[in-house]
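Peer 1: One structure follows; several queries about it will come next.
The values are calculated or read from the model by the stated rules, or taken from the named source; none is laboratory data. Computed from a prediction, not measured in an experiment: that's the story for all the values here. With ideal geometry, Cβ positions are generated from the backbone for all residues, glycine too; neighbour counts draw on all protein chains shown.
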Amino acid sequence: MPTVQKSVIDEDEIDTVLAADIEFSGSIDTPKSLLIKGKVSGSIRCGDDLYIAEKASVSAQIEAVRLVVRGTLAGKVRVSESIQILAGSKVTAELDCADIYIEEGAEKR
């Protein structure tokens, strides 16, 4: 089981941060870690950790190494190492990963 990310994410350790006031529709392709705090739709390919913040809303086709969800996620997701869906999150997505952790208080449909 993966280590659960319960602490606040240190944005200084994330390579790219999309702020809460960002609304983006299109394709994102990054080899580094990504934190989404705003609204994103389209496709995301992340070669490292992908974080969806508490108030973020993502509707996308996603490929990543690791995914941590605290906000709202819809779409189709393929992750190579682990997915963590934390309390308070709302997920209505097709998830493809061998290691999925759903914390009590998370909503998965």
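Peer 1: Looking only at residues that are crowded, with 19+ Cβ neighbours inside 10 Å and basic (Lys, Arg) in the range 63-82, which one is farthest from residue 40 (Cα to Cα)?
Peer 2: Top of the filtered list is 66.
Peer 1: Restricting to the range 15-55, and then to whatever is closer than 15 Å to residue 78 by Cα and not in a strand (DSSP E or B), can you tell me which residue is nearest to the chain's Cα centre (by Cα)?
Peer 2: Of everything passing the filter in the range 15-55, 48 is nearest to the chain's Cα centre (by Cα).
Peer 1: Does residue 101 qualify as being part of a strand (DSSP E or B), of a type in the set (Phe, Trp, Tyr), touching a strand residue (DSSP E or B) at 6+ places or on another chain (Cβ under 7 Å) and buried (at least 21 other Cβ atoms within 10 Å of the Cβ)? Before the answer, list the steps.
Peer 2: Details: part of a strand (DSSP E or B): yes; of a type in the set (Phe, Trp, Tyr): yes; touching a strand residue (DSSP E or B) at 6+ places or on another chain (Cβ under 7 Å): yes; buried (at least 21 other Cβ atoms within 10 Å of the Cβ): no.
Criteria not met by residue 101.
Peer 1: Identify all residues within the range 17-41 that are hydroxyl-bearing (Ser, Thr, Tyr) and either within 15 Å of residue 56 (Cα to Cα) or modelled with pLDDT under 90 (or both); write none if there are none.
Peer 2: 25, 41 - these are the residues of the range 17-41 that are hydroxyl-bearing (Ser, Thr, Tyr) and either within 15 Å of residue 56 (Cα to Cα) or modelled with pLDDT under 90 (or both).
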